[in-house]
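Student: Here you go, one structure.
Please treat every number below as a calculation from the coordinates, not as lab data. Computed from a predicted model, the values in this text were never measured in an experiment. As a convention, Cβ positions derive from the backbone with ideal geometry for all residues, glycine included, and neighbour counts pool all protein chains shown.
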């Protein structure tokens, strides 16, 4: 990726599109021209004019808008604050060059699908009744290229559609990092404070000399610009969490801003979802760590959010901030009833017991409500099955390991890193994805947890069923545990296929299979000792 950046900038230097006055020293100029020590960790700022409105026109002869590529300065000893730092650098440069009142944030893998989406957003952002405290208009994340069953649950409808609709009735949806039109005013302070700054809209950067504009942009890209200032705390996109989008939207709502959810029939923007399982799980694992960073902070939504925004808003944000906690009940339900079934220990009421109705109702009502909500936002039954299966998979893998990552980082043992999710469309991965087969070839502890639980449930279901059938009243006594075990087995069919039947490149590696079997045997021994 960075080699491509160096090539583009080198070409721009030759064409005169990079202003070498932006570098501070002759040594940095030499780095620019010779590309020595120009790495992803250390490099000066770059400004490249890709399209000039004065010179470039479209096929109809109309002028194209300015398109400018920038790369902020990075130094090893200076924190860059990941995506939030990059967005703040863009915010400052755009202020220096245009100071436009409306901003659009998009991920690098997303593109516009509806040229009318800015008009839709402006209908809200310029409305005199909404504009005084409207921070942003959020469009849902939508994807193209998903297979028929969306096997990795890439749409994440619970977060991007169902949850956003619920939030829209309180303070508005949370910012999800892309497909969002911001009012620039909202990123510079609370509504009343920004309204009091009457000189804000009086800036007219177009009247400045080009040299002065470049100088201001140069200063804005400096890695030292954030030092001893309020950027990231009270101004701009907020620091302190790997999920800067969640953190920023939450802080804006606490300051008194509102947001709106806009979900037209024609998707405003389309992007690419991960097409192999490891990338999808790694992405969620990073989210879990970032959400914990918001939950366990001085800005805890349960307390700070409930006071600054509203009690209901604080509870809603806390629900999402503690997403990783789902690992505990899911792991318990994936292992405890199954081990008890294997050793003939009943945990639930018999079918003939009146209390059985309560357990059956809770299970059917919970999954029935989830199915109805999923279909209300345009989902299909088979995609719902994939979505709930991925919810269980994330619970036993990414939520569990994300929780462990966060706990270890808090005690100083290790810290979760920030790795971009790979969305490279490799030919073999694409073939498997299009055919609806999971890709397990990566050796990862995330897959070991899945393999272990799949083996425990299959063994418990087979031997538990045989034992229950042989014993008088056994099925009546063990029915709920058999049902729960069979449900996990049905969700684990892709895991069994990858472990024992598949011969393609997406099959599970032998080391993961052996580790899963070994860990399952350990659990069987522990269950035997306890029973």
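Student: Just rank 450, 97, fewest to most, by other beta-carbon atoms within 10 angstrom. Intermediate results must be reported in sequence, preceding the final value.
Tutor: On the way: 450 27, 97 21.
The fewest-first ordering by Cβ neighbours comes to 97, 450.
Student: What is the gain in length, in nm to one decimal, between residue 62 and residue 234 on full extension, counting 0.36 nm per residue of separation less the C-alpha to C-alpha distance?
Tutor: On the way: separation 172, 0.36 × 172 = 61.92 nm, distance 4.04 nm.
So the chain would gain 57.9 nm between residue 62 and residue 234.
Student: Post the alpha-carbon centroid distance, region 389-413 to region 231-288, in whole angstrom.
Tutor: Comparing the Cα centres of region 389-413 and region 231-288, I get a distance of 19 Å.
Student: Follow-up question, since we're still on this one. Pull out the extension gain between residue 51 and residue 219, defined as 0.36 nm times the separation in residues minus the alpha carbon to alpha carbon distance; nm, one decimal. Please report the intermediate quantities before stating the final value.
Tutor: On the way: separation 168, 0.36 × 168 = 60.48 nm, distance 2.24 nm.
The span from residue 51 to residue 219 would gain 58.2 nm if fully extended.
Student: In degrees between 0 and 90, to the nearest 10, how far off the longest principal axis of the chain does helix 381-396 point, with axes built from Cα atoms?
Tutor: Roughly 90 degrees between the two axes.
Student: Of 387, 504, how do they rank once you tally other Cβ atoms within 10 Å and put the fewest first? Show your work: numbers first, answer last.
Tutor: On the way: 387 24, 504 13.
By the 10 Å Cβ count, ascending, the order reads 504, 387.
Student: Can I ask one more? What does a probe at residue 148 reach in region 431-459, counting residues whose amide N is under 12 Å from the point 7 Å along Cα→Cβ?
Tutor: Residues passing the 12 Å test: 434-437.
Student: What spacing in nm lies between the two simple spin-label points modelled at residue 514 and residue 497, each 7 Å away from Cα in the Cβ direction?
Tutor: 2.7 nm
Student: Then there's this: With an 8 Å cut-off on Cα pairs and a minimum separation of 6 or more residues, tell me the relative contact order of region 452-531 in percent.
Tutor: Numbers: 41 pairs, mean separation 31.5, N = 80.
Dividing the mean separation by the residue count of region 452-531 yields 39 percent.
Student: Calculate how steeply helix 82-97 sits against the longest principal axis of the alpha-carbon atoms of the chain, using the helix alpha-carbon long axis, and give the answer as 0 to 90 degrees to the nearest 10.
Tutor: The angle comes out at about 30 degrees.
Student: Between 0 and 90 degrees, rounded to the nearest ten: what's the tilt of helix 210-220 against the longest Cα principal axis of the chain?
Tutor: The answer is roughly 30 degrees.
Student: Something else about it: Counting other beta carbons within 10 Å of each Cβ, put 73, 255, 211 in order, fewest first. Could the numbers behind the result be given before it?
Tutor: On the way: 73 22, 255 19, 211 10.
Lowest to highest Cβ neighbour count: 211, 255, 73.
Student: Then there's this: Using only Cα atoms, locate the centre of region 95-163 and the centre of region 500-524, then give the distance between them in Å, rounded to an integer.
Tutor: Comparing the Cα centres of region 95-163 and region 500-524, I get a distance of 41 Å.
Student: Another question about this same structure. Report the extension gain between residue 469 and residue 78 in nm, rounded to one decimal, defined as 0.36 nm multiplied by the number of residues separating them, less their alpha carbon distance.
Tutor: Working: separation 391, 0.36 × 391 = 140.76 nm, distance 6.66 nm.
My answer for the length gained is 134.1 nm.
Student: Assign one of three labels to region 206-265, namely rounded, prolate or oblate, based on the Cα gyration tensor with a ≥ b ≥ c the square roots of its eigenvalues; rounded applies when a/c is under 1.5, prolate when it is not and a/b is larger than b/c, and oblate otherwise. Provide the component values of the computation, followed by the final result.
Tutor: On the way: a/c = 2.66, a/b = 1.55, b/c = 1.71.
Because a/c hits 1.5 or more and a/b fails to exceed b/c, region 206-265 counts as oblate.
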